[in-house]
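Working notes, beginning with the structure itself.
The values are calculated or read from the model by the stated rules, or taken from the named source; none is laboratory data. Predicted, not measured: the structure shown is a model, and the values here were computed from it. No Cβ is skipped: glycine too gets one built from the backbone with ideal geometry, and neighbour counts run over all protein chains shown. Accessible surface areas use protein heavy atoms only, side chains included; no ligands, DNA or RNA. Shrake-Rupley method; radii C 1.70, N 1.55, O 1.52, S 1.80 Å.
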Amino acid sequence: MLVNGKWADAWHPVQNADEMGRFVRQVSGFRNWVTPDGRPGPTGEGGFAAEAGRYRLYVALICPWASRTLIARKLKGLEEILPVTVLNPVMTQEGWAFGGYPGAEDDPLFGAGHLHEIYTHADPDYTGRATVPVLWDTKCNVMVNNESADILRMLDTAFEGIAPSYIRLHPENLAPGIDALNKRLYEELNNGVYRAGFATTQEAYEEAVDGVFAMLDELEARLTGDYLVGDRLTETDIRAFVTLIRFDAAYHGLFKTNRRQIADYPRLSAYMERILRLPGVADTVNLDHITRGYYAIKALNPSGIRPTGPAHVERLLASA
């Protein structure tokens with residue numbers, strides 16, 4: 001991580017842990033918003049007006065948080081408006097790196113070797129981990145936001161004046177239900193798999209894995225229609241999908257969430273395939289990056305050997 005703008009230690013997956021050995025995720029530090037007219041968003045300062053080509057999104061295809069933003073970008077038709085740079089899926093001793101792997105790109109703005117250099121461009125005295133996604137303002141040369149939940153939501157509305165869309169991921173009439181399920185989905189499933197995988201005590205692991213499968217069971221029962229909230233696609237579906245598509249390939253084995261696979265849930269399997277087949281979504285899923293990145297985490301897999309498959313996920317992606 002960075003300490004006062006200097007890289008201080010080798011990258012490690014466990015960001016922090018509480019007294020019971022529970023994994024504790026770092027809170028995102030850049031929370032400004034792009035808005036249609038540049039006025040301040042729910043957090044941070046104003047001055048970030050929606051403009052075509054002004055902003056760049058840094059992502060890693062292994063990362064579910066970054067993939068949330070890629071899916072929103074695709075569904076909202078923002079590919080020509082918001083360029084993307086994809087990082088190497090394998091964590092180095094200095095965290096996320098640019099280039100050096102098929103599908104990974106060099107940094108077009110600063111020629112940086114690692115993502116933490118982008119963070120110190122934003123704040124020379126930054127202390128913390130350099131995470132994806134990052135939304136960068138090339139006009140003002142500052143980091144706008146590094147919180148995926150914020151970026152997902154701002155992409156829903158910020159660029160409507162430039163690229164109108166019939167899709168609304170956080171419609172006002174469904175907002176209470178979306179927000180309520182989002183919170184629980186994050187705690188029990190999205191971050192729950194990480195809390196299981198990075199737990200440092202048996203107690204913390206069992207607490208996390210119980211939550212993961214309680215939420216999967218609840219979602220299976222909830223899916224009597226096509227989507228999780230109301231009768232339309234919302235941001236909650238994106239949040240669920242990015243974890244589900246990685247589950248059998250990575251979390252089931254590496255994170256020891258192995259009571260069941262998503263393949264064992266008929267409704268969740270059909271739901272995952274339904275989201276995957278939405279226009280552009282399959283383009284955001286790269287199984288090679290996912291398995292290469294997760295199984296390269298030396299703290300969990302010292303040998304670096306990654307499994308082949310799973311075959312059912314490979315077949316699904318091949319047919320999408």
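Could you tell me what % of all Cα pairs in the stretch 79-204 have separations over 21 Å? Intermediate values should be presented prior to the final figure.
Numbers: 4423 of 7875 pairs.
For the stretch 79-204, the share of Cα pairs beyond 21 Å comes to 56 percent.
Restricting the count to DSSP beta bridges whose residues both fall in the chain, what percent are antiparallel, rounded to a multiple of 5? Mind dumping the intermediate values first?
On the way: 14 of 18 bridges.
Looking only at bridges with both residues in the chain, the antiparallel portion is about 80 percent.
Quickly estimate the mean residue ellipticity at 222 nm for the chain, helices only: each DSSP H run with n ≥ 4 gives -39500 (n - 2.57), and the total goes over all residues, rounded to 500.
On the way: 10 runs with 108 residues, N = 320.
Here the helix-only value at 222 nm equals -10000 deg cm²/dmol.
Only bridges whose two residues both fall in the stretch 51-165 count here: according to DSSP, what percent of them are antiparallel, nearest 5? Walk me through the numbers on the way to the answer.
Details: 9 of 12 bridges.
Roughly 75 percent of the DSSP beta bridges within the stretch 51-165 come out antiparallel.
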- Note on the structure: In Å³ per residue, the alpha-carbon convex hull of the stretch 17-150 encloses 131
- Accessible area of Glu117 in the full protein assembly, 1.4 Å probe (Å², nearest 10): 60
- Calculate, for the stretch 55-139, the solvent-accessible area per residue in square angstrom, rolling a 1.4 angstrom probe over the heavy atoms of the protein chains. 32
- Message: Strictly over 32 Å apart at the Cα level, which of Lys183/Lys298; Lys6/Lys256; Lys6/Lys76 would you flag in this model?
- Response: Lys6/Lys256; Lys6/Lys76
- For the chain, what are the DSSP H helices with axial Cα length of 20 Å or more and mean Kyte-Doolittle hydropathy of at least -0.5? 202-222
- Would you mind classifying the stretch 167-240 by shape? Square roots of the alpha carbon gyration tensor eigenvalues, ordered a ≥ b ≥ c; an a/c under 1.5 is rounded, otherwise it is prolate if a/b is larger than b/c and oblate if not. prolate
- Message: Quick check: Cα centre of the stretch 64-125 to Cα centre of the stretch 172-208, how many Å?
- Response: 25
- Rounding to the nearest 20 debye, state how big the charge dipole of the stretch 101-163 is about its Cα centre with +1 on each Lys and Arg Cβ and -1 on each Asp and Glu Cβ. 40
- The percentage of the accessible area of the stretch 194-286 (probe 1.4 Å, all protein chains present) made up of carbon and sulfur atoms, to the nearest whole number, is 45
- Message: As I understand it, the dipole of the chain uses +1 on the Cβ of Lys and Arg and -1 on the Cβ of Asp and Glu, about the Cα centre. Which of Val134, Gly103, Ser28 lies farthest toward its positive end?
- Response: Gly103
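I want the antiparallel fraction of DSSP beta bridges within the stretch 1-117, as a percent rounded to 5.
Values: 5 of 9 bridges.
Among the beta bridges of the stretch 1-117, antiparallel pairing accounts for roughly 55 percent.
Counting only C-alpha contacts under 8 Å and six or more residues apart, can you give the relative contact order of the chain as a whole percent? Numbers along the way, then the final one.
Working: 569 pairs, mean separation 63.7, N = 320.
Over the chain, the number comes to 20 percent.
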- Query: Does the stretch 256-303 classify as rounded, prolate or oblate by the C-alpha gyration tensor (a ≥ b ≥ c root eigenvalues; a/c under 1.5 gives rounded; else a/b over b/c gives prolate, otherwise oblate)?
  - Reply: oblate
- Item | Point-charge dipole on Cβ atoms (K/R +1, D/E -1) for the chain, about Cα centre, debye to 20 | 420
- Task: Compute the accessible area per residue over the stretch 194-320, keeping the other protein chains in place, probe 1.4 Å, unit Å².
- Result: 42
- Task: Would you give the gap between the C-alpha center of the stretch 238-296 and the C-alpha center of the stretch 152-169, rounded to a whole Å?
- Result: 26
- Note on the structure: Magnitude of the Cβ-charge dipole (Lys and Arg +1, Asp and Glu -1) of the stretch 81-134 about the Cα centre, nearest 20 debye, reported as 160
- Message: If you take Cα extents along the principal axes in Å from the coordinates, which of (1) 49, 46, 39; (2) 75, 48, 42; (3) 57, 55, 42 do you get?
- Response: (1)
- Task: Can you list which of the chymotrypsin sites (Phe, Trp or Tyr not before Pro) found in the stretch 117-201 are DSSP loop residues with at most 15 other C-beta atoms within 10 Å?
- Result: Tyr166
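Between Ser303 and Asn141, what is 0.36 nm times their sequence separation minus the Cα-Cα distance? Round to one decimal in nm. List each step's numbers first, then the result.
Numbers: separation 162, 0.36 × 162 = 58.32 nm, distance 4.02 nm.
Once the chain is fully extended between Ser303 and Asn141, it gains 54.3 nm.
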